[in-house]
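Peer 1: Handing you this structure, nothing more for now.
The values are calculated or read from the model by the stated rules, or taken from the named source; none is laboratory data. Just so we're clear, the structure is a prediction, and the values are computed from it rather than from any experiment. Every residue, glycine among them, receives a Cβ derived from its backbone with ideal geometry; neighbour counts consider all protein chains shown. Keep in mind that these areas ignore ligands, DNA and RNA; they rest on the heavy atoms of the full protein, side chains included. Shrake-Rupley method; radii C 1.70, N 1.55, O 1.52, S 1.80 Å.
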Amino acid sequence: MSVSVQIPTALRSFAGGQAAVDVNGSTVGEALAQLAEAQPGLRKHLFNDEGKLRSFVNVYVNDEDIRHQQGTETPVADGGTILIVPSIAGGSPASLEPSQLVGGGELPELTPDEMTRYNRHLILPEVGVDGQRKLKQARVLMIGTGGLGAPLGMYLAAAGIGRIGVVDFDVVDSSNLQRQIIHGTRDVGRPKIESARDCIQNINPHVEVETYETRLTSENAMDIIREYDVIVDGTDNFPTRYLVNDACVLLNKPNVYGSIFRFEGQASVFWAEKGACYRCLYPEPPPPGLVPSCAEGGVLGVLPGIIGTIQANETIKLIIGQGEPLINRLLLFDALGMGFRELKLRKDPECPLCGTNPTITELIDYEVFCGLDQASNVTESEDGVEEITPTELKRRIDDGRNDLLLDIREPHEHAIARIPGAKLVPPAQLMEHYDELNADRDTVLFCRVGPRSINAIKELRAAGYAGRMYNLKGGILAWSDEVDPSVSKY
Ligand code: ZN
């Protein structure tokens, strides 16, 4: 009876560097005894003086933890696999227990077509058929299909993740194409979730894609995130980062983090059960406006490709349970100097979320937490309509807020001057567009200087619309003065 015992990275130096050792035996006990004989250096790591398995060593047979069942008496079939998983200071290797998977611990079989497709994985002992079945069983949620989400989604698809969830509310813009390679030129103007889904399914039709065309909010985050095993944060704004982190901690999900700016990137894995969370690293967001967004500061197109690929790598490692994940490690990448640095992270016992005495026990208002809903950004007009300045609107656009922008003017005015992304709705046709309003998105209305858009807001309120609406203070003329002088004044 030949059995393969997979040796974890941490113990390989005691097994001549081998990733797997073939032994004979019909039970776990026999197989491990033979392993200890063949590799004496391993013995003291596996067994105590009485010859019992050490309490910090977990043994899996075909992905079942045998410790709580028949123990070393557990039979192993010819050709079976025994996996040794020691607990190690630093928390690695960390992987999702089969029982933690949303879809359950029963791993699906691979079809002959999949066996062919994933051949280069299957012949890696660290992945193998079982690892590939874990990937097939896994559900991964990508928050954002921008620069980070693009390579991430493509590699996760190619790797054979069973179900990929995609959250985005944006449409593809031609300025995205310099880095967001999951979208192509012909996708400009399409919702990003649609072009991402098409790309993923073109790469691998075995992947199920679940799309969520919405902004992730405190209202919907728990319900969406709950359905996935690993969450990958590819967002570009602080409120969503804290929201994703908090929801992941509350639901005990690993959060694979990546961020980029100009020529520098960061990556880590936040998993409160095993290490620091994002709040342990950054207890507070920077004040609004201090850290410019990529839209203002720019970003080297290939940078999100590198960081997003690292996120894909970490995601796959967590699922197959191999290697040393970036838990309690912050990886810094410098594209100009071309180098990686690594910082050690520590779980903060005082962390308000994952610390000993947490004060955050449910999702909060992240706009307020990040100082983005400051009263100074929103004022009221004389008739009680909420207004924002052109500068504030520009900031919201750059932050990817995806406000619905309504241009309450006539077509001939629209022909002279426009704000990009705004939809022309002449005042007389306002009610025909009522159904396009959506409380998930804030609506910003403008006209030339203000009265028509203020009126439109009042009309929509009177018709029963309860979502948030802002008037653009000073209209498109103020936009031209404050934000974009290339917009003609008339
Ligand atoms: Zn924390």
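Peer 1: Give L353, L393 a once-over and let me know the one that is assigned to a helix (DSSP H, G or I) and either farther than 30 Å from F263 by Cβ or touching a strand residue (DSSP E or B) at 6+ places or on another chain (Cβ under 8 Å) (or both).
Peer 2: Exactly one residue qualifies, and that residue is L393.
Peer 1: For N438, indicate whether it is within 20 Å of E367 (Cα to Cα) and either in a helix (DSSP H, G or I) or open to solvent by 10 Å² or more (accessible area, probe 1.4 Å) (or both).
Peer 2: So N438 passes the test.
Peer 1: For the range 68-94, give me the residue count where each residue is modelled with pLDDT under 75 and either open to solvent by 60 Å² or more (accessible area, probe 1.4 Å) or of a type in the set (S, T, N, Q) (or both).
Peer 2: The total comes to 6.
Peer 1: Looking at the range 330-373, which of the residues that are in contact (Cβ under 8 Å) with a residue 24 or more places away in the chain and open to solvent by 90 Å² or more (accessible area, probe 1.4 Å) is farthest from the ligand (Cβ to nearest atom)?
Peer 2: Result: L336.
Peer 1: A follow-up question, please. Step by step: first the residues of the range 302-332, then only those that are modelled with pLDDT of 95 or more and among the charged types (D, E, K, R), then the one that is farthest from Y60 (Cα to Cα). Which residue is that?
Peer 2: E314
Peer 1: Taking the condition part of a helix (DSSP H, G or I) and surrounded by 13 or more Cβ atoms within 10 Å (Cβ to Cβ), does R452 pass?
Peer 2: yes
Here's the yes/no breakdown for (1) touching a Pro at 6+ places or on another chain (Cβ under 8 Å); (2) on the phi > 0 side of the Ramachandran plot; (3) of a type outside the set (A, V, I, L, M):
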site: I200; (1), (2), (3): no, no, no
site: E210; (1), (2), (3): no, no, yes
site: R226; (1), (2), (3): no, no, yes
site: Y242; (1), (2), (3): yes, no, yes
site: A247; (1), (2), (3): no, no, no
site: L250; (1), (2), (3): no, no, no
site: R262; (1), (2), (3): no, yes, yes
site: A272; (1), (2), (3): no, no, no
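Peer 1: Hey, another quick one. Considering only helices (runs of 4 or more DSSP H) fully contained in the range 159-258, which possess at least 2 residues that are open to solvent by 50 Å² or more (accessible area, probe 1.4 Å)?
Peer 2: Filter on the range 159-258 gives 192-203, 238-251.
Peer 1: Let me ask you something else. Evaluate the range 267-279: report whether one residue or more is of a type in the set (D, E, K, R), modelled with pLDDT of 95 or more and open to solvent by less than 10 Å² (accessible area, probe 1.4 Å).
Peer 2: no
Peer 1: Take the conditions farther than 22 Å from N62 by Cα and either touching a helix residue (DSSP H, G or I) at 6+ places or on another chain (Cβ under 6 Å) or outside the structural domain of V21 (by TED's automatic domain parsing) (or both) and apply them to G153. Does it pass?
Peer 2: So G153 fits the description; yes.
Peer 1: For the condition in contact with a helix residue (DSSP H, G or I) (Cβ under 8 Å, 6 or more places away or on another chain) and of a type in the set (D, E), what is the one hit in E387, E459, E436?
Peer 2: Result of the check over E387, E459, E436: E459.
Peer 1: Check off (1) within 16 Å of the ligand (Cβ to nearest atom); (2) at pLDDT 95 or above; (3) open to solvent by 40 Å² or more (accessible area, probe 1.4 Å) for P283 and give me the number that stays unchecked.
Peer 2: Here P283 meets the rest and fails (2).
Peer 1: Follow-up. Which of the residues that make up the range 328-345 are over 14 Å from Q311 (Cβ atoms), of a type in the set (A, V, I, L, M) and assigned to a strand (DSSP E or B)?
Peer 2: Residues satisfying the conditions are L332, L343.
Peer 1: Next up: Can you tell me which residues in the range 461-475 are open to solvent by less than 30 Å² (accessible area, probe 1.4 Å) and under 36 Å from the mean Cα position of the chain (by Cα)?
Peer 2: Result: Y465, G467, M469, Y470, N471, L472.
Peer 1: Open to solvent by 30 Å² or more (accessible area, probe 1.4 Å), closer than 26 Å to F238 by Cβ and without any contact (Cβ under 8 Å) to a residue 60 or more places away in the chain: which single residue out of P420, P411 fits that description?
Peer 2: Only one candidate passes the filter, namely P420.
Peer 1: Also, quick follow-up: Can you name every residue in the range 123-147 that is more than 14 Å from Q322 (Cα to Cα) and open to solvent by less than 40 Å² (accessible area, probe 1.4 Å)?
Peer 2: Answer for the range 123-147, where residues must be more than 14 Å from Q322 (Cα to Cα) and open to solvent by less than 40 Å² (accessible area, probe 1.4 Å): Q137, A138, V140, L141, M142, I143, G144, T145, G146, G147.
Peer 1: Looking at the range 225-256 only, could you name the residues that are among the charged types (D, E, K, R) and in contact (Cβ under 8 Å) with a residue 60 or more places away in the chain?
Peer 2: Selection gives R226, E227, D229, D233, D236, D246.
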